[in-house]
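A.B. asks: Could you have a look at this structure, given as structure tokens, before my questions?
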Amino acid sequence: RERVRAMFYHAYEHYLESAFPYDELRPLTCDGQDTWGSFSLTLIDALDTLLILGNVSEFQRVVSVLQEGVDFDIDVNASVFETNIRVVGGLLSAHLLSKRAGVEVEAGWPCSGPLLRMAEEAARKLLPAFQTPTGMPYGTVNLLHGVNPGETPVTCTAGIGTFIVEFATLSHLTGDPVFEDVARKALKALWKNRSDIGLVGNHIDVITAKWVAQDAGIGAGVDSYFEYLVKGAILLQDKELMSMFLEYNKAIKNYTKFDDWYLWVQMYKGTVSMPVFQSLEAYWPGLQSLIGDVDNAMRTFLNYYTVWKQFGGLPEFYNIPQGYTVDKREGYPLRPVVVFWFFAELIESAMYLYRATRDPTLLELGRDAVESIEKISKVDCGFATIKDLRDHRLDNRMESFFLAETVKYLYLLFDPDNFIHNDGSVFDVVITPYGECVLNAGGYVFNTEAHPIDPAALHCCRKRKEEQWEVEDLMREFYFLKKNKKFIFKRASDQGEGESAKDPEDASSEKAGEKRNSKKSSHSLLSCPSQSFNSKLAVLGQVFLDNS
């Protein structure tokens with residue numbers, strides 16, 4: 001754990017000294033470059049890692065720096081996918097962790113705050129990309145002018161289906177449903193356009209909904225779509241999203257799985273198109289563990305670990321029958337799955353599996369990863385991407401996800417008592433404009449850039465319309481019954497036995513409630529449909545335990 005901490009600061013301090021305010025560090029030349037939009041991206045990506053490592057003072061300093069220095073109103077073409085997972089996700093996570101980090105939060109937090117406003121501003125810059133006939137977004141958007149007229153309509157599947165975690169969180173915190181709505185529409189568009197055998201391809205035209213690349217698998221170009229169906233289902237307690245994933249999982253097992261390896265197949269026929277393993281597939285065992293399929297997760301994980309031990313990292317493409325890397329595809333950025341980069345995905349899986357099994361093999365992998373990263377990738381000014389696993393040539397780049405993912409998951413693997421692993425035995429109660437709210441009880445959902453989102457926060461700031469109507473109808477009924485109690489009894493006696501009287505205004509409110517309930521799914525009064533916790537239920541600011 002302490003070696004991982006030292007790795008983080010070696011990379012982080014050299015970024016500050018040599019690259020800030022650029023997006024990324026170039027470790028071989030000790031300077032910086034903008035890559036994804038000129039956001040000081042490494043600083044945003046590393047922010048929640050600082051708190052996980054316990055550095056409260058630096059977290060507070062960086063929050064101030066970002067508020068003063070980051071501007072999204074710029075003439076830059078930005079990746080919709082990368083901006084969402086790194087910038088929006090990083091800012092949302094830091095916003096929800098701010099109070100824990102000792103930041104003086106404003107009244108109304110977590111329903112308001114400077115980092116939340118920054119996340120909302122960044123996300124609004126992405127919304128024009130979703131204005132397509134299918135609801136599936138373009139891959140690139142200009143932050144000042146929207147989608148360029150000549151922008152290609154072809155987007156990868158992951159670039160369409162990786163928004164629900166960040167955008168739903170944003171909608172619940174701000175009360176603006178537009179973000180969750182566009183994310184759900186994009187997810188459902190992919191679901192609608194799956195093949196008859198239940199698979200999705202790699203790239204699709206967002207205007208015509210025609211599949212351009214018809215290779216189906218679980219790796220690059222598709223990966224985080226499946227990840228977000230599961231994590232979105234957990235975050236939102238959404239049975240529909242989980243049902244969608246489970247249907248995909250059946251098709252994946254039927255057509256792409258061979259002896260605990262997952263190959264690429266033709267999405268309409270199911271025939272093998274590429275007998276290769278991709279490094280980005282290393283997230284899959286972690287996803288299997290999240291749905292409780294631990295035995296299969298461990299078998300798949302150990303396959304990937306075997307490849308890693310052969311090369312000292314995971315090649316971007318690995319030919320399974322030949323047992324070697326695929327030519328011209330050896331390079332990988334400081335990716336969660338290559339040496340340490342590969343470790344973002346592979347170590348994420350290791351962390352989940354270790355929490356589930358306590359198998360010491362997983363700690364051994366983590367130790368081997370630390371040693372490989374230090375031996376192969378460490379240079380004077382940080383850590384460099386490995387260009388070729390066969391001869392360990394380095395590239396002059398340190399991607400921001402090295403600090404956001406690789407180091408974070410390694411640290412959490414070796415730090416079982418970290419607050420992120422909270423089992424719900426401790427929590428904080430905060431007062432919001434909507435009443436009391438439970439936070440920091442654990443169960444964090446990591447976005448695909450490893451930014452943790454507190455699922456409890458989604459219930460702090462936004463009341464669904466159905467719930468508002470239920471409470472309004474109940475209070476209106478209570479008010480009129482109390483106000484007109486004598487009047488009602490008097491009219492009842494005047495009208496004779498067996499008859500009842502109603503105040504005209506009360507009757508109209510009842511009709512309004514019936515009309516609303518005919519349009520919306522009905523719930524019993526005070527059923528709190530948006531509060532789906534099993535352990536605690538908050539009603540009108542009062543917290544009740546299951547056994548009360």
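The values are calculated or read from the model by the stated rules, or taken from the named source; none is laboratory data. It should be emphasised that the depicted structure is a prediction, and the values quoted were computed from it without experimental measurement. Backbone-built Cβ (ideal geometry, glycine too); neighbour counts: all protein chains shown. Side chains are part of the model used for accessible areas, which takes the heavy atoms of the whole protein and leaves out ligands, DNA and RNA. Shrake-Rupley method; radii C 1.70, N 1.55, O 1.52, S 1.80 Å.
A.B. asks: Being assigned to a loop (DSSP other than H, G, I, E, B) and buried (at least 19 other Cβ atoms within 10 Å of the Cβ) is the filter here, so list the residues in the stretch 257-293 that pass it.
C.D. replies: 263, 267
A.B. asks: Continuing with this model, one more query. Go through the stretch 245-256 and give me each residue that's farther than 23 Å from residue 344 by Cα and either open to solvent by 10 Å² or more (accessible area, probe 1.4 Å) or not aliphatic (A, V, I, L, M) (or both).
C.D. replies: Scanning the stretch 245-256 gives 246, 247, 248, 250, 253, 254, 255, 256.
A.B. asks: Determine if the stretch 143-150 includes at least one residue that is assigned to a helix (DSSP H, G or I), open to solvent by less than 10 Å² (accessible area, probe 1.4 Å), under 30 Å from residue 96 (Cα atoms) and aliphatic (A, V, I, L, M).
C.D. replies: There is no residue in the stretch 143-150 that is assigned to a helix (DSSP H, G or I), open to solvent by less than 10 Å² (accessible area, probe 1.4 Å), under 30 Å from residue 96 (Cα atoms) and aliphatic (A, V, I, L, M).
A.B. asks: Related question: Mind checking which residues of the stretch 120-140 are open to solvent by less than 10 Å² (accessible area, probe 1.4 Å) and within 13 Å of residue 174 (Cβ to Cβ)?
C.D. replies: The answer is 122, 123.
A.B. asks: Applying the selection to the stretch 151-184, what residues are assigned to a helix (DSSP H, G or I), among the aliphatic types (A, V, I, L, M) and surrounded by fewer than 20 Cβ atoms within 10 Å (Cβ to Cβ)?
C.D. replies: Matches in the stretch 151-184: 178 only.
A.B. asks: For the stretch 1-119, list the helices (runs of 4 or more DSSP H) that sit wholly inside it and hold at least 3 residues that are modelled with pLDDT of 95 or more and open to solvent by 10 Å² or more (accessible area, probe 1.4 Å); which are they?
C.D. replies: 2-18, 56-69
A.B. asks: Residue 210: farther than 30 Å from residue 170 by Cβ and not aliphatic (A, V, I, L, M), yes or no?
C.D. replies: Yes: the conditions hold for residue 210.
A.B. asks: Name the single residue, out of those in the stretch 389-444 being of a type in the set (Val, Ile, Thr) and touching a residue at least 60 places away in the same chain (Cβ under 8 Å), that is surrounded by the most Cβ atoms within 10 Å (Cβ to Cβ).
C.D. replies: Among those residues, the one meeting the criterion is 406.
A.B. asks: Would you call residue 386 open to solvent by less than 10 Å² (accessible area, probe 1.4 Å), part of a strand (DSSP E or B) and farther than 19 Å from residue 291 by Cα?
C.D. replies: Yes, satisfied.
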